[in-house]
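Heads up, the thing below is written out as structure tokens.
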Number of protein chains: 2
Amino acid sequence: MRTSQLYLSTLKEAPAEAELISHKLMLRAGIIKRLGSGLYTWMPLGLRILRKVENIVREEMNRSGAQELLMPAVQPAELWQETGRWEVFGPQMLKIKDRHERDFCFGPTHEEVITDIARTELRSYKQLPMNFYQIQTKFRDEIRPRFGVMRAREFMMKDAYSFHANFESLEATYAVMHQTYSAIFSRLGLKFRAVAADTGAIGGSGSHEFHVLADAGEDLLAYCPDSDYAANVELAEALAPDHLRARALEEMHEVATPGKIACEDVAEFLGLPLDKTVKAIAVVNDANVFHLLLLRGDHNLNEVKTNKVEGLATFRFATEAEVEAALGCRPGYIGPVGIPETVRVVADRTVFAMSDFVCGANKPGYHLKGVNFLRDLPDPAVVADIRNVVAGDPSPDGKGKLELCRGIEVGHIFQLRTKYSESMNCLFTDQDGQQKVMEMGCYGIGVSRVVAAAIEQGHDDKGIKFPSALAPFTVCIVPMGYHRSETVRAAADALYLKLVAAGVDVLLDDRNERPGSMFADMELIGIPHRLTIGDKGLAEGMIEYVARSGGDMEKIALDTAVDCVRGKLAA
Amino acid sequence: MRTSQLYLSTLKEAPAEAELISHKLMLRAGIIKRLGSGLYTWMPLGLRILRKVENIVREEMNRSGAQELLMPAVQPAELWQETGRWEVFGPQMLKIKDRHERDFCFGPTHEEVITDIARTELRSYKQLPMNFYQIQTKFRDEIRPRFGVMRAREFMMKDAYSFHANFESLEATYAVMHQTYSAIFSRLGLKFRAVAADTGAIGGSGSHEFHVLADAGEDLLAYCPDSDYAANVELAEALAPDHLRARALEEMHEVATPGKIACEDVAEFLGLPLDKTVKAIAVVNDANVFHLLLLRGDHNLNEVKTNKVEGLATFRFATEAEVEAALGCRPGYIGPVGIPETVRVVADRTVFAMSDFVCGANKPGYHLKGVNFLRDLPDPAVVADIRNVVAGDPSPDGKGKLELCRGIEVGHIFQLRTKYSESMNCLFTDQDGQQKVMEMGCYGIGVSRVVAAAIEQGHDDKGIKFPSALAPFTVCIVPMGYHRSETVRAAADALYLKLVAAGVDVLLDDRNERPGSMFADMELIGIPHRLTIGDKGLAEGMIEYVARSGGDMEKIALDTAVDCVRGKLAA
């Protein structure tokens, strides 16, 4: 394509609203344009990129044997009432009334619709397994849409749903989808990681998230460089320390710690390492039982894990008044020593193995030092893994130490089991003639989010650095003096046509702009390979090549330019 | 593709809900599946067809120089308030409130959004003309959704919007779009007609509808077989008769016509031709002025044309009480003779040239015969073209006589002029440095509707007869005994691979079904070309070819089958 045929609209500065680098660059490059809060138009340049993602996703899904269909965006409330999600899904679901005052929603996801299709279409084990997918616009009414298409309200998603006669079949398709997702993100040229994810209410081990690695990622991931282990920190298990609790050496005694509340400050003030301190977090469960959660001073609470502790499936942080009522002390200096028996103490595994530690004295301005379980306070009611893993923790598979990185979730695969098929009566007749409930899996990719994630992973101060697979064009030709020099024009046009004929996705910048401005645009929009043609070089039959990913400018012969470009693309 | 890899789900009988043949066949063939009123899932087979339409539309739009983008489906109310359409659009627009109680709609069309984009993106005459388009899901809350995807609530549409520095530029792009639409429907292999259409409030001659011709079409079209003239009957002009009003020969006299109300019954009862009768239709305008509209007995009122008569831009049919109050007679025997001066009479051009006619006597059970203008009643206040043309009427271009046919509207192109750009302040800086309002055009194609229209045009008692361009597959191979005969299987597999390699979109029916059942399915889903392979023919190196469009079965040599198929496809 020629820029004269392309609607290209770049900006020098990103609008002030944009916080995230990918959001800024997508606005500056003219990839998206804001219509309203969380609503974006994909401009012509951006749609090219989006379609490249979409096509790779489609090709790999088809290759996996999945069947593409297209369900309506607008869904009747009745189906959601069958699964009980009409009330449960919450305000993220955009509810609609039609002209006859009937209830609908703009689909945030399609489990109910596809299960309705499956229960009427798939009757026999002979039709199973079946994996249906679609690539479609979804809507989730985010309370605070932000970061451009990263957390938009309207977005494009690939969602697949598989149906099975038994769990083994679900596991087999789940494994195929895991491979397919790996193939998709590999083809897209992204650095990614599949991590074990939380399965929430469904339980089991059947859920993985696919993350594009990027410093600005919302998710923290734990992985073991020496093994395959990888998990969202939400889920990654912190093993119990492999040492027993040491013998008490100190007597417990009160120390004045005026104005020192955070464990870091207390440790520094007392000249102790942070890992000798214990913090107590006051929470209340849904039966109004007051709890103290004990964590080592350098550790952070993991709410997902805490929810799995018996009695804490739902909890909230205690109010100041509740803390004072339960412990006789305001938050800041609270601790587990000398507290009423009605307070339930839940200690992290690490804390349970500590001795001679420091904790709040339940007395403003004071901490206790040399505290020991069994001597100064009873062993905690519950010992559990309730903290986030940290770098250096042992890998749960026992094969090394964990490291941490940040990621952007772009895919999620999930063994739904019979959550939806049971409530919606999605049955089939098995080989033995019996009616059985289908097993289900679901598999999502945030197609529009992938574009933003790729930019978070690949950018510099000049703009976007797209991998070839999703760049709007693979190669650009920037002629210097296209509207001035007949030689340059002829050479540029000829090279353009040769590259098109060779099947290269090439953009010829035929605008009458200064070279600097054309270079800046091509760098901003992230074209991976640039060819520059000028009178001076042509006099010697040479043009210039430069890679967006970095590296020096190379002079190459015009005659062999097509082969040279092919070589670069294959590299 | 092989049927074993395709989700194929055909039905012997269409669900009772379906009235229209295309709706029945789409359900029976498993092209669509109903989710709710006016909401359909495109099943895997159907999505293949829909994508073929979509791709042809996209290719031709790109060829025309239009730029594809993708706007959000959900649109903020504020933009619609700028053009005043938030209130005017009516209950077809699905209005939505988000979690913050802000107003949005699920876009029924995108003039407001694109004009908002244009007014910020396009600032200079140098950027004009610009034609943006998208292929996207729209929603219109039809009061009575029916006919499947023909009048669904959620549907796929290609909508394009062009922006111009002046009217000449708009006219040029409009002409390009006219050609592009003709190219699209030609490539789709459909019999279609472009007809002049009503431009409603905007006026001018800049609107054409594209209709797929089919007996079940909702629209009546008038065309001249001897010229290019074609128009929706809504718009087609009925010329004034080329003869003057004849001299009165009869005296006016009352005749008893007991129980005869319809002109047909009156004419038959009196032994007169229908074209000697005049019917009077009582209407009331928005200023409460009572009108009588006079039409020849064999003609029908055209409301669109009537709306163009001064004072009748809006009108409604009079109630029985209003008729009785104005004329002293109930409806059935009313007429224009001897009526109060406050009644405004609007006569169709044909009526104005009539003499010695029959009309109601304003007296129950009686008509007047031998009625003549000027003698028995004054000339009408207004003479205008207010009737539908009929077959045999002179073509408005003077080049022959009109014929009528029925069509299904699948495309509409429209010169919007400055209707939206003016109210939304969509300005550009012209060459002379002046700020001017842009001219606009819009161009729609009902992508999902095209599939239904193609089926209305091409079907028989066995099912769908798709043109090759939008058939789910171009060719099918039906092996008889694929699971029984090694010879048949080997020949079928080899031919399948050869056709795939030749770029033919071929379906191999590798199901273990009876041949009759496979034939029926392939006929039902409308594959244009069928190859049958059986042991008996193979013994002589022969297979069978049959075209879905009709014609006898042909024996062809297996060796030359690929060339033979290519020949059929090129024919």
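Any read-out appearing in this document is the output of simple, stated calculations on the displayed coordinates, not a laboratory observation. Note that the structure is a prediction, hence the values are computed from the model and not measured. Using ideal geometry, Cβ is built from the backbone for each residue, glycine included, and neighbour counts are taken over all protein chains shown.
Numerical summary
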read-out	value
DSSP-defined antiparallel bridges as percent of all bridges, the range B:475-570, nearest 5	50 percent
At 7 Å out from Cα toward Cβ: B:SER517 inter-copy label distances (nm, ascending)	6.9
In order through the range B:214-229: 3J(HN,Hα) via Karplus (6.51 cos²θ - 1.76 cosθ + 1.60), integer Hz, x for Gly, Pro	6, 4, 8, x, 6, 9, 9, 10, 10, 8, 10, x, 9, 8, 7, 5
Label 7 Å beyond Cα on the Cβ vector: A:ASN285 copy-to-copy distances, nm	7.9
Computed over chain B: relative contact order in percent, which uses C-alpha pairs under 8 Å that are six or more apart	17 percent
Neighbour-count order for B:ARG296, A:ARG2, A:ARG119, fewest beta carbons within 10 angstrom listed first	A:ARG2, A:ARG119, B:ARG296
Sequence-distant aspartates and glutamates (8 or more away, or on other chains) whose Cα lies within less than 19 Å of A:LYS305	A:ASP198, A:GLU209, A:GLU218, A:ASP219, A:GLU234, A:GLU237, A:ASP286, A:ASP348, A:ASP385, A:ASP393, A:ASP397
³J(HN,Hα), Karplus 6.51/-1.76/1.60, whole Hz, each residue of the range B:454-462, x for Gly, Pro	4, 6, 4, 7, x, 7, 9, 6, 8
For q = 0.11, 0.12 Å⁻¹, Debye-computed log10 I/I(0) when each Cα of chain A counts as one equal scatterer	-1.10, -1.18
Crossing angle, helix A:486-501 versus chain A [Cα axis fit, 0-90 degrees, rounded to tens]	60 degrees
The range B:255-404 shape via C-alpha gyration tensor axes, a/c threshold 1.5	oblate
Cα gyration tensor shape for the range B:143-226, rounded if a/c is under 1.5, else prolate or oblate	prolate
Cα gyration tensor shape for the range A:69-112, rounded if a/c is under 1.5, else prolate or oblate	rounded
Residue exposure sequence - A:LEU249, B:LEU274, B:LEU470 - by fewest surrounding Cβ within 10 Å	A:LEU249, B:LEU274, B:LEU470
Integer Hz, Karplus 6.51/-1.76/1.60 couplings in order for the range A:446-452, x for Gly and Pro	x, 4, 5, 5, 4, 4, 5
Cβ nearest the rotation axis (B onto A), residue from chain B and distance to the nearest whole Å	B:ILE96, 3
The range B:253-384: relative contact order as a whole-number percent, Cα under 8 Å and 6+ apart	29 percent
Cut-off 11 Å between beta-carbons: net charge of the residues surrounding B:MET26, Lys and Arg +1, Asp and Glu -1	+3
Inter-copy separations for A:LEU249, label at 7 Å along Cα-Cβ, nm, ascending	13.3
Helix-only CD estimate at 222 nm, as mean residue ellipticity for chain B, using -39500 (n - 2.57) per DSSP H run (n ≥ 4)	-7500 deg cm²/dmol
